[in-house]
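As structure tokens, the structure follows; a few thoughts come after it.
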Amino acid sequence: MPRPIPPITLSVDSQPQPFHVPLGIPAPPVPGSRDIERICRLAHSHFGLDLLHCRDELVAARLGRMVTELGFSSFRQYCDHLEADRTGAALVGLADRITTNHTSFFREPEHFQFLRTAVLPALRRRPRIEIWSAGCSSGEEPYSIAISLLEELPDAAQRVRIRATDLSVRMLARAAEASYSQDRIRPVPASLATRWFLLPSAGSMGPWRIAPEVRAMVDFRRVNLLDPSPCPCSFAVIFCRNVMLYLHDAAHRTLLERLCSQLEDGGYLFIGHADSMRGVGHNLELVFPAVYRKPGRLRPKRNSQVAPSSVEGPPCWP
């Protein structure tokens, strides 16, 4: 039975710097096949990750620096530490380094167009709209959702709450900072960038910051999607894109069952185009490429108290 990982309070760290081994400093240790097997087993049992397709060199590259920084002279020592640690902190560090976090603003733009034109009309009369971005990485997805809704609903900042969760503390800290380099902003249409970002001063190469009204719509939490959910919430819309393709079969089924149970009747589930729903029992209907709908009809929901936007608190939302 995997050990539970305690709640984490996030802090916003600076951007990681390129790692260069100075002259005279030993290079990071190289894992053996037994070390890779132990790491894969831990990632499999605690996070549902299927790393068997990953090259040993990839695992070594992602973990080598951390192993050195923690003062271990070998991967064997690091694996012993992972298995002996009872606080859960070592597993959090493993998850931070081993997970894939590629994302961008308005990735798969047709999904956001479908959200605006096909999903939102059924939600316009609701006093409260709850959306879950599961596997939000560094925040581009939930902020893209917020901007899309702000474009259609003038009072979206008061009516919409986006719950954004991820396994990686490091990525959540970056998301909560709400600050992005110009390269990261490039996929954003110019008209949206000028409305929903705070631009750097003229001539500056500084970061672009998410506008306060966009940032206030998103709550970030660390959540392991395979843990039993303490959250009683249901959601009209769930984005869980490019997550299932990294999971082994049992974890894939567990995750889909959880998503379906927390999706409202008539609600929409957005997945990645590389994610597969084959071989997994569900009652969802494909209504658009990589978009599924739960049978039933979305109904108005009574208003409920909005939790303050923060990255502190329990591993799920109130």
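The values are calculated or read from the model by the stated rules, or taken from the named source; none is laboratory data. Computed from a prediction, not measured in an experiment: that's the story for all the values here. No Cβ is skipped: glycine too gets one built from the backbone with ideal geometry, and neighbour counts run over all protein chains shown. When the accessible area is computed, the model is the full protein with side chains, heavy atoms only, and any ligands, DNA or RNA have been set aside. Shrake-Rupley method; radii C 1.70, N 1.55, O 1.52, S 1.80 Å.
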Requested in this report: Report yes if some residue within segment 57-69 is modelled with pLDDT under 80 and either of a type in the set (Val, Ile, Thr) or more than 28 Å from Thr165 (Cα to Cα) (or both); otherwise report no.
Outcome: yes
Query - Candidate set from segment 151-175 (those that are in a helix (DSSP H, G or I) and open to solvent by less than 20 Å² (accessible area, probe 1.4 Å)); member that is nearest to Leu199 (Cα to Cα) - result: Ala175
Query raised in the report: What number of residues within segment 216-254 satisfy the criterion of being in contact (Cβ under 8 Å) with a residue 40 or more places away in the chain, out of contact with any Phe, Trp or Tyr (no Cβ under 8 Å at 6 or more places or on another chain) and not in a helix (DSSP H, G or I)?
Result: 14
Query raised in the report: For segment 170-198, which residues satisfy the criterion of being in contact (Cβ under 8 Å) with a residue 60 or more places away in the chain, touching a strand residue (DSSP E or B) at 6+ places or on another chain (Cβ under 6 Å) and over 14 Å from Ile147 (Cβ atoms)?
Result: Leu172, Ala176
Report task. Of the numbered conditions (1) in a loop (DSSP other than H, G, I, E, B); (2) more than 17 Å from the chain's Cα centre (by Cα), Arg116 fails exactly one; give the number of that condition. Result -> (1)
Query raised in the report: Inside segment 255-283, can you point out the residues that are aliphatic (A, V, I, L, M) and either part of a helix (DSSP H, G or I) or in contact with a Pro (Cβ under 8 Å, 6 or more places away or on another chain) (or both)?
Result: Leu255, Leu256, Leu259
Report summary line: (1) of a type outside the set (Val, Ile, Thr); (2) open to solvent by less than 20 Å² (accessible area, probe 1.4 Å); (3) modelled with pLDDT under 95 all hold for Met217 apart from (3)
Query raised in the report: Out of the residues in segment 87-100 that are open to solvent by 40 Å² or more (accessible area, probe 1.4 Å) and outside any helix (DSSP H, G or I), which is farthest from Cys40 (Cα to Cα)?
Result: Thr87
Query - Total residues in segment 110-139, condition surrounded by fewer than 17 Cβ atoms within 10 Å (Cβ to Cβ) and either without any contact (Cβ under 8 Å) to a residue 12 or more places away in the chain or touching a Pro at 6+ places or on another chain (Cβ under 7 Å) (or both) - result: 4
**Report entry** Residue count for segment 150-169, restricted to those that are touching a residue at least 40 places away in the same chain (Cβ under 8 Å) and not small (Gly, Ala, Ser)
**Finding:** 10
